[in-house]
Amino acid sequence: MNLGVLVGVVAAQALSFDEALALAEKSPTLEGQQRAVERQAALAEAVPLLVANPAVFVQPGVRRLGTGAVGPEAYVGVTQDVSLSGAGSSRRASARREVESAIAERRLARRQLRLEVAARWLSLWSAQALLESAREEARLAQDWAAKVERAAATGGFTRVDVAVARAWQAEAVLTALSLEGTVFQRGIALNRVLSLARTTPARASPALPALGGEGDKRPRLSDDVTRSPLVEAADAASDAQRLRTEELLAGRGTTLQVGAMGWREGTGDLAAVATLQLTLPLFERAQRERAVAEASLARAEAAADLARSAELADRVDAHHELEHTAEVLAVVEGQLLPATLDATSGLERRFDAGEADAQDLVVARRVLVATRARVVSARAEVVLARFRWSELTGGAP
């Protein structure tokens, strides 16, 4: 089978790890949240201290005098409700805290998006690296199968050896074809998470990012988790809900209505009075609305407590992944791969000398392909573990 049957991945400009993260910053999700914060903040600062608008009334009329004469009459007045329970300041404080909550939510969304982009990019990089290795294996299998066929024509190998060699060639080609599909799908997945309107799948650049080592990871494991985006978002949401509950209570508190009224009587006399009206919260204190708000507050407070434990658990897990992935890479890359290469080379020499059959060599090649795949996976997992630790702790790994 000619390797020309392998379908190449549609060409696209390769993205580096840092370029993918930079594109994430411009995603519609984050930009939309930023616009939402800006608009919300602008109106939150404009929240007035007076919670009610002035009311103006006009009452035109006529008056019939005892003499039978008719004269025009008009009453004009204005009233203004003033909260004595701090409803205006409560509304302003609640609005500002809601803005802070929206900012914290954007920070959390940014961290989650960056982690997802990193995982998608590394997943694509792994698939591309495996595809390149599979194509090379397919080329070697084709050359080897042709070599075995030529040797079999002169009696050097059996028909079984030829069949095994051809089967391995077909298997290598099928592996490459399968990986081409995987690369395409993962490229589309990276396009999706980056919100890229492209008709071709994304491609990852061949170089892995240099994220540094692990030497300074331990001191930050016990850092104050309250500074993390997850905990800050949960705390801000809880505070905002608490202030909304206080706003409800203040909005139904004691209210003073001040006003003035002037009128002209049918006789032409003019008069004016000032009005004062006090509304006392004896019965209605927003119990119905506050019942729902208090329940929401209880849930928000519980969510804030859970966020602390979840953040710490994530850090502990990320700390373990740093060590675990580094250990796995050291064994796979430093011990397993060299030993597998030596074993495969030895079997190839024995096969050429007629001391081993084709099936033994194919088994060795399968082990080598699997080992190379483990090396690729281990390298990607080390990078992802370092990046995740960096994002969780807010510092370079």
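Read-outs: derived from the displayed coordinates by stated rules, not from any lab. Since this is a predicted model, take the numbers as computed values, not measurements. Methodologically, a virtual Cβ is constructed for each residue, glycine included, from the backbone with ideal geometry; neighbour enumeration extends over all protein chains shown.
In nanometres, what is the gap between the two model label sites at Ala271 and Glu19, each 7 Å from Cα along Cα-to-Cβ?
Taking the simple label geometry, Ala271 and Glu19 are separated by 8.5 nm.
Can you order the peptides 96-109, 153-166 by their average number of other Cβ atoms within 10 Å per residue, highest first?
Put in order of decreasing packing, that is 96-109, 153-166.
What size of dipole, in debye to the nearest 20, comes out for the stretch 83-237 about its Cα centre when the only charges are +1 on Lys and Arg C-beta atoms and -1 on Asp and Glu C-beta atoms?
Using only the charged Cβ atoms, the result is roughly 620 debye.
Nothing charged except the Cβ atoms of Lys and Arg (+1) and of Asp and Glu (-1): what's the magnitude of the dipole of the chain about its Cα centre? Round to the nearest 20 debye.
That gives the chain a dipole magnitude of about 920 debye.
Which angle from 0 to 90°, rounded to the nearest 10, does the C-alpha axis of helix 337-352 make with the longest principal axis of the chain?
Between the helix axis and the principal axis of the chain, the angle is about 30 degrees.
Assign unit charges at the C-beta atoms only (+1 for Lys and Arg, -1 for Asp and Glu), then state the dipole size of the stretch 271-397 relative to its Cα centre in Debye, rounded to the nearest 20.
That gives the stretch 271-397 a dipole magnitude of about 400 debye.
Please determine, in degrees from 0 to 90 and to the nearest 10, the orientation of helix 28-44 with respect to the longest principal axis defined by the Cα atoms of the chain, where the helix direction is its Cα long axis.
Approximately 20 degrees, to the nearest ten.
How high is the relative contact order of the stretch 100-189, in percent, with contacts defined as C-alpha pairs under 8 Å that are six or more residues apart?
The normalised contact order for the stretch 100-189 reaches 39 percent.
Expressed as an acute angle from 0 to 90° and rounded to the nearest 10, what is the orientation of the C-alpha long axis of helix 159-194 relative to the principal long axis of the chain?
So the helix axis and the longest Cα principal axis differ by about 20 degrees.
Just going by the charge dipole of the chain, with Lys and Arg at +1 and Asp and Glu at -1 on Cβ, which of Leu174, Trp121, Val258 is farthest out on the positive end?
Val258
Quick one: net charge around Gln185, please, counting Lys, Arg +1 and Asp, Glu -1 for every other residue with C-beta under 12 Å from its C-beta.
+2
Under 8 Å for C-alpha pairs, at least 6 residues apart: give me the relative contact order for the chain, rounded to a whole percent.
23 percent
If Rh is defined by the Kirkwood formula over all Cα pairs and Rg also comes from Cα, what ratio Rg/Rh do you get for the chain?
So for the chain, dividing Rg by the Kirkwood Rh gives 1.33.
Could you check the simple spin-label distance between Thr279 and Glu45, using points 7 Å along Cα→Cβ, in nm with one decimal?
Output for this residue pair reads 3.1 nm.
Among Val316, Leu140, Pro28, whose Cα lies farthest out toward the positive end of the dipole of the chain, if unit charges sit on the beta carbon of Lys, Arg (+1) and Asp, Glu (-1)?
Sorting the options by dipole projection puts first Pro28.
Tabulate in residue order the Karplus-calculated ³J(HN,Hα) for the stretch 146-154, using 6.51 cos²θ - 1.76 cosθ + 1.60 with θ = phi - 60°, rounded to whole Hz; enter x for Gly and Pro.
Computed from phi, the couplings for the stretch 146-154 are 5, 5, 5, 5, 5, 5, 5, 5, 9 Hz.
Between Ala55, Val331, Ser228, whose Cα lies farthest towards the positive end of the dipole of the chain when Lys and Arg beta carbons carry +1 and Asp and Glu beta carbons carry -1, centred on the Cα centre?
Farthest towards the positive pole: Ala55.
Once the Cα gyration tensor of the stretch 38-182 is diagonalised, what are the square roots of 5 times its eigenvalues, in whole Å and ordered largest first, as equivalent ellipsoid semi-axes?
For the stretch 38-182, the ellipsoid semi-axes come out as 93, 19, 8 Å.
Measure off 7 Å from each Cα along the Cα-to-Cβ vector at Val62 and Ala303, then give the distance between these two points in nanometres to one decimal.
A separation of 6.4 nm, rounded to one decimal place.
Whole Å is fine, so just give me how far the alpha carbon centre of the stretch 88-141 lies from that of the stretch 298-315.
Their Cα centres are 21 Å away from one another.
Go through 355-366, 51-62, 21-32 and give me the packing order, highest mean Cβ count within 10 Å leading.
The peptides rank, most packed first, as 355-366, 21-32, 51-62.
Highest mean first, how do 237-248, 66-77, 336-347 rank when packing is the count of other Cβ atoms within 10 Å averaged over residues?
237-248, 336-347, 66-77
What FRET efficiency comes out for the pair Val76/Val292, r = Cβ-Cβ distance, R0 = 30 Å, nearest 0.05?
Rounded to the nearest 0.05, the efficiency is 0.15.
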